[in-house]
Each structure stands twice: as C-alpha cells, then as structure tokens.
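Presented below is the structure to which this report refers.
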Amino acid sequence: MIKTHWAALCVLAATIAPGMAAAGDAAGMVKVVKGTVSIERNGKRQTAGVGMPVEVADRIRTGADGSVGVTLRDNTLLSAGPNSLVVIEKFAFDNTTQDGHMSVGIRRGTLSVASGKIAKRTPESVDFHTPTSVLGVRGTEFVVEVAGDRDE
Amino acid sequence: MNKAKLSLALAGLLVLAGCTTERVVLLPSANGASSAVVVRDAKGEVLLDKPYAAVKRSLDANTGYQSSPDEVKARFAGALAAQPARPASYVLYFEAGGNVLTPESQSALTTIRQEIAERAASEVMVIGHTDRVGSVEDNDRLSQKRAEGLRDLLVESGVPAEKMEAVGRGERDPLVPTADEVDEPKNRRVEISVR
C-alpha cells in the first residue's frame, strides 16, 4: 500500500517538478515519412507528415509499408522500419547549457539510432529500452529489433 | 484446433526454432570515433564495443555474437533508409569585439542558406560564442547578440524566423582553450547547426 502511494507521489512530482520532461514538451520533428505512419498523442492517433513536431509521450507507429525518420532537438537521429512502435518516454534538452536527458522505448519492430548531444555530454542520462533490456550508449550508432505484436 | 491450442503449438515451434525475440547491433560510427552500447537485462549485461558486435535474445537470455553488414541490411534496411539527413554545422567568425562578420564568413552565408532551403522540414540552431576578453556576463550578452544578429541576417535573406532558434553560450565553450582575457579570433564565432 505504501508503495502505491509513493508511486502516485512520484508521478505527481514528475508532472509538476520544473525542468523535468513532461508530456507535450517539444522533443523533435518528423523529417522522413514513407507509407503509413501515425503518431498517437493524448489517446488520439493522427497521420504523421514531414514537419510534424514530435512531443514527449508520443507513440510513433509504422504500418507494414511504413517507415519514419525523426530528428530530436539534441540532434539524435531516430528511424523506424515497418510494423514498429516507438515511444518517446522522456526528453529534455537545454540549448544554452546543453544539459538534458532522454528515454526512448522500442516496443516492436526495428529502430536505428545515431545518438546526439546529450549522449555525448552526459551518456548516463540517455537510455533506450526494449521490453526486456536497457541499452546504455557511449556516442553511438546502433540498430534494435523487437519481435512480436505488442501494441502498447 | 482452438485458439489456445494453436498458440501453444506456435510457441512450441518458436522455442524449437530457438526463437530470437530481440536483437541489438552496434554499427560503425559515421565519423569513425570509437563507440559502445551496453545491453543490460535482469541477469546481467553484454558490452558491444566493436562494429557489428551484437546481442540476440532467445529463451529469455541475451547472448553476444558477431553480426555483419549483410545481416544488418537484411533486417534493418527499412529503418536505415528512413534515417534523417545528418545535421550539418557551420562556423562563422567575427571581427574583434563587435558584431561584424569577417569577409570569408559573409560569403559562407550563401552555402548555409542553400542548405536550409534544400532540407525537408529544416530547423536551424544559431549558437553564439565569444573569446575570453571581458566579464562572463558581458560575454553572455555579446554571444546572445551575435547569435540574434545572425538570425536576423538569415531572416532578412528569406529564411523563415520560426525555423530558427538563437542562443548565446558566452565564453564557456571556446574552440581554442585560452587563459582569461586572451583575444583569440577563433573563439569569436557563431555556430550554425542545420538539421
């Protein structure tokens, strides 16, 4: 019971703490779209197009014919192949101090990553994760594949 | 066959096939710098620190192996083909103590405008820097002024203002490290990052 209360408190703190990443904060922009690509925000799915902003908490989905490329504000390049679901769980970047943090989940499909300024300056504040594993990066390019049909 | 039986049979088949559920491959970095990825799960971690070093997950465990360009192409062609253009960075220099570009830097502006126009949904970050002559506060102001001046110059030449962001980093990020109060032309600069 106490645990549940703490969890609720943490969620609350995360929502109100200044300087923390919150849903709706600008994280990047869609630069490449092929085939079917959608972005789910606040429970609503919309078709993604080139130039569409990407925000914290967005869920990016590609169809069987789809792929998408996104550049985050710290110059991280993300691109997903067909049948993928990628979630921008956290992102914050201050242009003046260049401090920031990010957390990106790959739930299914394929994702390629070329890491950006946050990973260069503070690699410990960057993580990518699959349903079972967490990836720590050190100024890096890599690809991740997750099999299955998870849609959450 | 009912649904439960079917999925049981399928699961059995997948286990027999040594089903891989996840895979991570480290790629060579574009600039040739050394890089690494650490893949951690509940049981431990695998370090990938050479090009095409990889990990695959089957039967609930991560195992390291050596992947190859062919395998990456076969599995990740779609994702890699959709990678956005790499951000390009330009550096423009100023005459001492003020807000006037050197002649070389004036002409570099043409290339930058072209780059901004050619990219899909381009965004521009204008970052001002100073040398270490003067106080930190004055240099913060000067670097911000330089960045804004350059942004205005780009706006005048037709680049939409909403694509651009101007920030000043003062003297804290010198291109050439110097002692305080050193007049170093290479540190009086504005960096323009187009992504």
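The values are calculated or read from the model by the stated rules, or taken from the named source; none is laboratory data. All figures in this text were calculated on a predicted structure; none of them were measured in a lab. Backbone-built Cβ (ideal geometry, glycine too); neighbour counts: all protein chains shown.
Annotations
- Flag for B:V194 being modelled with pLDDT of 95 or more and either in contact with a Phe, Trp or Tyr (Cβ under 9 Å, 6 or more places away or on another chain) or farther than 26 Å from A:S115 by Cα (or both): yes
- Filtered residue count, the stretch B:158-195, keeping only those that are in contact with a helix residue (DSSP H, G or I) (Cβ under 6 Å, 6 or more places away or on another chain) and away from every other protein chain (no Cβ under 14 Å): 5
- Lone qualifier among A:V126, A:V68 - being over 15 Å from A:V30 (Cα atoms), β-branched (V, I, T) and modelled with pLDDT of 95 or more: A:V126
- Residue that is nearest to the other protein chains (Cβ to nearest Cβ) [pool: residues in the stretch A:98-134 that are part of a strand (DSSP E or B) and of a type in the set (G, A, S)]: A:S112
- Members of the stretch B:59-84 that are in a loop (DSSP other than H, G, I, E, B) and either without any contact (Cβ under 8 Å) to a residue 60 or more places away in the chain or more than 14 Å from chain A (Cβ to nearest Cβ) (or both): B:L59, B:D60, B:S67, B:S68, B:A82, B:Q83
- Of all residues in the stretch A:121-152, those that are of a type in the set (S, T, Y) and surrounded by fewer than 18 Cβ atoms within 10 Å (Cβ to Cβ) total 3.
Here is a yes/no grid of residues against (1) without any contact (Cβ under 8 Å) to a residue 40 or more places away in the chain; (2) out of contact with any Asp or Glu (no Cβ under 8 Å at 6 or more places or on another chain):
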| site | (1), (2) |
| --- | --- |
| B:R132 | no, no |
| B:S135 | yes, yes |
| B:R146 | no, yes |
| B:L153 | no, yes |
| B:A161 | yes, yes |
| B:G168 | no, no |
| B:N187 | no, no |
| B:V190 | no, yes |
| B:S193 | no, yes |
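- Residue within the stretch B:103-125 that is assigned to a strand (DSSP E or B), within 30 Å of A:V37 (Cβ to Cβ) and in the same structural domain as B:S135 (by TED's automatic domain parsing) present: yes
- Subset of the stretch A:50-86 [out of contact with any strand residue (DSSP E or B) (no Cβ under 6 Å at 6 or more places or on another chain), within 11 Å of chain B (Cβ to nearest Cβ) and either surrounded by fewer than 20 Cβ atoms within 10 Å (Cβ to Cβ) or touching a residue at least 60 places away in the same chain (Cβ under 8 Å) (or both)]: A:G51, A:A64, A:D65
- Taking residues in the stretch A:25-46 that are away from every other protein chain (no Cβ under 12 Å), and partners anywhere that are surrounded by fewer than 20 Cβ atoms within 10 Å (Cβ to Cβ) and acidic (D, E), the pairs with Cβ atoms closer than 9 Å and at least 6 places apart or on different chains are A:D25/A:E55; A:A27/A:E55; A:T36/A:D65; A:I39/A:E55; A:R41/A:E55; A:Q46/A:E40.
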